[in-house]
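Heads up: the structure comes next, in structure tokens.
Only the coordinates and a few stated rules stand behind these numbers; no lab work does. Computed from a predicted structure; not experimentally measured. In this analysis, Cβ positions are derived from the backbone assuming ideal geometry, glycine residues included, and neighbour counts consider all displayed protein chains.
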Amino acid sequence: MYRYDEFDRTLVEERVLQFRGQVARRLSGELNEDEFRPLRLMNGLYAQLHAYMLRVAIPYGTLSSRQMRALAAISRKYDKGYGHFTTRQNIQFNWPDLEDVPEILHDLAEVEMHAIQTSGNCIRNITADPYAGAAIDEIADSRVYAEILRQWSTLHPEFSFLPRKFKFAVSASETDRAIVRFHDVGVILKRNAAGEEGFEVLVGGGQGRTPMVAVTIRDFLPKEHLLSYVEAVLRVYNELGRRDNMNKARIKILVHQIGAEKFAALTEDEWQYTRESELHLPDSEIKRIRGYFAPPAYQDLPDASDALENALEASGAFARWHRSNVAEHRQSGYAIASISLKPIGGIPGDASAAQMDGIAAIAQELSFDEIRVTHEQNIVLAHVRKDDLFDLWSRLGPLELATPNLSLITDVICCPGMDYCGLATARSVPISQQISERFSDLDRQHNIGALDLNISGCINACGHHHAGHIGILGVNKRGEEFYQVTLGGHQGYDASIGKIIGPAFSSGDIVDAVEDIVMIYLDQRQDGEQFLDTYRRVGSLPFKEKLYDVA
């Protein structure tokens, strides 16, 4: 993984010192809240319902055991003993005191972490495939290019005050595990007919109040032009994006209003000024960054593992976990293991300090000291020997991290909602807990099959409800919490936005409504179809007939 150089260290240390002074001025009254607000947002500090919230960047979701232990220590010393992993592969601390935040940032800097650009109208944390470097279907490790974009975008003077926040995602696999089509800019590494590597560039995706799927503006961009081209994209947006209306300020609105063809033409025109500039990305620089992501020291192992097969036969519980939480690895004898942060009845994405320490210890011993955070709010250990999978699973049990539900209905994506967030209009966590408990039977979950259920507590869609096969949006009606249901969302390369099925349900009825949706799917499916396949085939009418008693 990437290690700080002298420029990174200096930048982060100076920022900590600077913010320490700003906090002192706020506490002394020299700065009022209006004056302090832009300063704290530049350092990832939000004012939530009950306390401040600090969002810590985890670039492309990758961190070491040392860094995970530091996060655990921060949660114990300055918070309430846990952290919340988010849909941007970050972590949030929900209860820090203002006077402690400079110390938290100092402790983060000690392990090469920070909170810069985790908020504000700037380029946010660059996200990537959590299986990068291990996936059997990838062209190359997408984190190499995510790191290049991170270095280019960090404190970029031209893009520190954009019309609105801006999000990048990078993918390099046949399967989209980075949801590139729901980002302001998505880049997909591919090869052309000559075998050369380059990028498909997509713009204008996003969720929130006006969900849109990104469109391709360039089918193939030679990799040496990555930075110059995306800088041209940002310049067009920075000049033409709305600044008079926050709800219409995202690049997706601009692309929608002028059209993808016009936006692409404007980008090409702007690109002529930067194409052959210092932004040209030489092979030597790509190679240098790739060196930080060199494959670990794999052992030469056979693909088959007698130890694994024996463990699968001996333990049904381990076999169930292996069935859902283990994926194929590109290296013979290894596997990709996912750790669910969705225990039955638990809070999606939360991890206690003890759990973080436990994950760190396991990763250090069994996965080359490397941890990944997914946008689905789970953890991935990307390089585990098949011979070690049973040991890994056995150690997860005492940590209450052995839930075998990856990609099943209880693997819910969920924002913190009105329990924490000042923007939320309804609670989301209690609904996710109730759904998890309703569908707790594992045999039933497997009978239902792969199903994405996502919940947001407000229109900002931090829970990605638009992209869920079943999406739930909390809304407020005359002081009461109701839940709007969408069906048919999907986060892959063939992404789709869920469609509202009908009137919202009360908090007392929403879980029953989800059960009805599932039962209709099971009744309608054919030949082992998954939920999305059935929905796309039969449409919404069978679901409406059951939910609203309409013909």
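The simple Förster model, with R0 at 35 Å and r as the Cβ-Cβ distance, assigns Phe220 and Tyr298 a FRET efficiency of 0.65. At 0.36 nm per residue, and after removing the present C-alpha to C-alpha distance, how many nm does the segment from Asn238 to Ala24 gain when stretched out fully? So the extension gain works out to 73.7 nm.
Using 0.36 nm times the number of residues separating His50 and Asp441, minus their current alpha carbon distance, what extension gain do you get? All intermediate terms of the calculation are to be shown ahead of the outcome.
Details: separation 391, 0.36 × 391 = 140.76 nm, distance 3.52 nm.
Taking His50 through Asp441 to full extension adds about 137.2 nm, to one decimal.
For the peptides 163-175, 43-55, residues were scored by their other Cβ atoms within 10 Å and the scores averaged per peptide; the highest-first order is 163-175, 43-55.
When every Cα-Cα distance of the stretch 142-292 is counted in 10 angstrom steps from zero, the calculated P(r) takes the values 11, 42, 37, 9, 1 percent. Once divided by 2.2 N^0.38 Å, the Cα radius of gyration of the stretch 475-551 becomes 1.16.
How would you rank Thr486, Thr216, going from fewest to most other Cβ atoms within 10 Å of each one's own Cβ?
On the way: Thr486 21, Thr216 15.
Result, fewest neighbours first: Thr216, Thr486.
The separation of the stretch 516-551 from the stretch 225-272, counted between C-alpha centres, amounts to 39 Å.
Taking only the alpha-carbon positions of the stretch 232-386 and ignoring solvent, what does the Debye formula give for the base-10 log of I(q)/I(0) at q = 0.21 Å⁻¹? So the normalised log intensities work out to -1.27.
Whole-percent P(r), the stretch 6-104, all Cα pairs, 5 Å bins from 0: 2, 12, 21, 25, 21, 13, 5, 1. Model label points for Glu365 and Gln524, set 7 angstrom from Cα along the Cα-to-Cβ axis, are 4.9 nm apart.
For the stretch 306-399, compute Rh as the Kirkwood radius over C-alpha pairs and then the Stokes-Einstein diffusion coefficient at 25 °C and 0.890 mPa s; write the answer in µm²/s, rounded to an integer. Could you put the intermediate results ahead of the total?
Working: Rh = 13.6 Å.
Result for D is 181 µm²/s.
Note on the stretch 30-66 and the stretch 149-207: Cα centroid distance 24 Å, given to the nearest whole angstrom. The modelled label-to-label distance for the pair Asp269/Arg76, using points 7 Å beyond Cα in the direction of Cβ, is 5.9 nm. Paramagnetic label reach from Ile258 (point 7 Å along Cα→Cβ; backbone nitrogen cut-off under 19 Å): within the stretch 149-165, residues 158-165.
According to the Cα gyration tensor, what semi-axes, each the square root of 5 times an eigenvalue, does the equivalent ellipsoid of the stretch 413-548 have, listed from largest to smallest in whole Å?
On the way: eigenvalues 112, 46, 43 Å².
Result for the stretch 413-548: semi-axes of 24, 15, 15 Å.
Fewest Cβ neighbours within 10 Å first, please rank Arg181, Arg444, Arg9 accordingly.
Values: Arg181 28, Arg444 15, Arg9 12.
The fewest-first ordering by Cβ neighbours comes to Arg9, Arg444, Arg181.
What value, in deg cm²/dmol to 500, does the helix sum -39500 (n - 2.57) over DSSP H runs of n ≥ 4 give at 222 nm once divided by the residues of the chain?
Working: 18 runs with 201 residues, N = 551.
Computed mean residue ellipticity for the chain: -11000 deg cm²/dmol.
In terms of other Cβ atoms within 10 Å, Ser332, Ser496, Ser432, Ser28 run from fewest to most in the order Ser28, Ser332, Ser496, Ser432. Full extension of the chain between Asp509 and Thr210 gives 105.0 nm of extra length, using 0.36 nm per residue less the Cα-Cα distance. Rg/Rh for the chain stands at 0.95; both radii use Cα atoms, and Rh follows the Kirkwood definition. Taking the Cα of Met246, stepping 7 Å toward and past its beta carbon, and measuring to each backbone N in the stretch 86-121: which are under 13 Å? Of the residues in the stretch 86-121, 120-121 have backbone N under 13 Å from the label point off Met246.
For Ser394 and Ala354, FRET efficiency with R0 = 22 Å and r from the beta-carbon atoms, rounded to 0.05? Before the final figure, lay out each step's value.
Details: r = 17 Å, r/R0 = 0.76.
Efficiency for this residue pair is about 0.85.
Can you work out the FRET efficiency for the pair Glu6 and Ala194, with r the C-beta to C-beta distance and R0 = 41 Å, to the nearest 0.05? Let's see the in-between values first.
On the way: r = 39 Å, r/R0 = 0.94.
With R0 = 41 Å, the Cβ-Cβ based efficiency is 0.60.
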